[in-house]
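Notes follow once the structure below has been shown.
The values are calculated or read from the model by the stated rules, or taken from the named source; none is laboratory data. Given the structure is predicted, the values throughout are model-derived calculations rather than measurements. Cβ atoms come from the backbone with ideal geometry, glycine included; neighbour counts cover every protein chain shown.
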Amino acid sequence: MDNNDENITMNVNDEHSNDDNYKEVKTLNVNVNLLQNIRAVLEISTQRGTYRANELSSVGKVYDELVTLLK
């Protein structure tokens, strides 16, 4: 892994609210190293067959979003 202390700022929509008319948006600062480590964990765990077939599209979506953020 690279030693990258850069932070990424992202907005996160909270869609799990009890009120359908209310969505909370939170701004987070995340260290690039954390995102790179999460990507590595996803890569290793898929290589080892950790996920069930019905979970692969969700895992792939998260992975694709991470790769996009890291570009």
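So which residues in the range 58-71 are over 13 Å from residue 42 (Cβ atoms) and either at pLDDT 95 or above or hydroxyl-bearing (Ser, Thr, Tyr) (or both), if there are any at all?
68
Could you list all residues from the range 25-42 that are surrounded by 11 or more Cβ atoms within 10 Å (Cβ to Cβ) and among the charged types (D, E, K, R)?
39
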